[in-house]
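The values are calculated or read from the model by the stated rules, or taken from the named source; none is laboratory data. Because the structure is a prediction, the values reported are computed rather than measured. We place every Cβ from the backbone using ideal geometry, glycine too, and count neighbours over all the protein chains shown.
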Amino acid sequence: MMLLIALIVLFVSLLFLIFDSLRTEQRRKKVALYIGGDAVRAPSRVNRFFVRFGKEHRHELEQKLIEAGYYNTEWAKFYFPAKLAVLVVVTGLVLLSDMTANNQLIIIIFTLIAVIVLPDTLLQMRRKMLIFKTSSQLPYLLDMMSVCVQTGMTIEAALVYLGKELAEFDSDLCYQIKRTSDSAKIHGLEKALNDLSDRIPTPPIRSFVLTIIQNLQYGTSVAQVLSDLAEDMRKVQILTVEEKVGKLSAKMSVPLILFIMFPIVILILAPGIMQMTLNI
């Protein structure tokens, strides 16, 4: 009983530390906004406590969170402590239960595996879903960029403008465009576009990047090319949907055979078999 109380107190303390750290961070941002710049500050004791966990893999973890659509990298320092807290709480509850030692050991092992594997797997799944969603929204971006170029904007200016205007349409696509625009100001547009292709490795993104790079190298007109490329991407998306619909009938045949054909055969044969059995 005392161990359970201690675990509950530990869990509540961790939640309080996380909440206090987030509240302090929000206050710091508000103060920096009122001052008119980023206030330089030393990390608090709570932040220093959490930073020690997984410090060697912090950059890699922040990159994983960004790729999964969690753009606030402050959550990275709570990743490993949260894993540890879940493992400690579940282990304590299992040890306090009335289960046998073998069952307790099995549950603890499965919990350990889940704590290690499951969060990274979920991040990877969300990354793939985000890549697919962002890539599917690309035709709308190309149409808007084509309109911007036709009005006299350069490609760089169009990216800056769309990086602000796309926030309500698709925040993830807006983040990628804004990141590309910011990178273009430092490393050049070609390098920024290649980085975009590396972050979202899909054929539509590669086609878009190659089109813009070709325009930069040869000075060709890009407005009509972007419109045609957007139309081609929409046609490909429609063909992909039609292909999935065409495959659906073949995929449905297996459950139809298992759950309809076999029960019908049993219903037909069962009365005769039962009658033969009773006669015997």
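Screening segment 175-280 for helices (runs of 4 or more DSSP H) wholly inside it with 3 or more residues that are closer than 30 Å to Asn72 by Cα and either small (Gly, Ala, Ser) or assigned by TED's automatic domain parsing to the domain that holds Val147 (or both) returns the ranges 189-199, 203-218.
Results for (1) more than 27 Å from the chain's Cα centre (by Cα); (2) buried (at least 17 other Cβ atoms within 10 Å of the Cβ), shown as yes or no for each residue.
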| position | (1), (2) |
| --- | --- |
| Leu193 | no, yes |
| Leu196 | no, yes |
| Phe208 | no, yes |
| Leu216 | yes, no |
| Gly219 | yes, no |
| Leu229 | no, yes |
| Met233 | no, yes |
| Val236 | no, no |
| Lys247 | yes, no |
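A single entry from Leu84, Leu122 fulfils the requirement of being at pLDDT below 85 and assigned to a helix (DSSP H, G or I): Leu84.
Of all residues assigned to segment 162-173, none qualifies as being surrounded by 17 or more Cβ atoms within 10 Å (Cβ to Cβ), polar (S, T, N, Q) and assigned to a helix (DSSP H, G or I).
Would a scan of segment 240-254 turn up a residue that is within 30 Å of Thr180 (Cβ to Cβ) and either of a type outside the set (D, E, K, R) or modelled with pLDDT under 85 (or both)?
For segment 240-254, residues within 30 Å of Thr180 (Cβ to Cβ) and either of a type outside the set (D, E, K, R) or modelled with pLDDT under 85 (or both): present.
Can you name the number of the only condition in (1) surrounded by 15 or more Cβ atoms within 10 Å (Cβ to Cβ); (2) touching a Phe, Trp or Tyr at 6+ places or on another chain (Cβ under 9 Å); (3) hydroxyl-bearing (Ser, Thr, Tyr) that Thr180 fails? Result: Thr180 passes all but (2).
Residues in segment 90-118 that are in contact with a Leu (Cβ under 6 Å, 6 or more places away or on another chain) and either outside any helix (DSSP H, G or I) or not small (Gly, Ala, Ser) (or both) were compared, and the one that is modelled with the highest pLDDT is Val115. Report yes if Leu96 is outside the structural domain of Thr220 (by TED's automatic domain parsing), in contact (Cβ under 8 Å) with a residue 60 or more places away in the chain, out of contact with any Phe, Trp or Tyr (no Cβ under 7 Å at 6 or more places or on another chain) and surrounded by fewer than 17 Cβ atoms within 10 Å (Cβ to Cβ), otherwise no. It is true that Leu96 is outside the structural domain of Thr220 (by TED's automatic domain parsing), in contact (Cβ under 8 Å) with a residue 60 or more places away in the chain, out of contact with any Phe, Trp or Tyr (no Cβ under 7 Å at 6 or more places or on another chain) and surrounded by fewer than 17 Cβ atoms within 10 Å (Cβ to Cβ).
Looking only at segment 85-139, residues that are touching a Gly at 6+ places or on another chain (Cβ under 6 Å) and among the aromatic types (Phe, Trp, Tyr) come to 0 in all.
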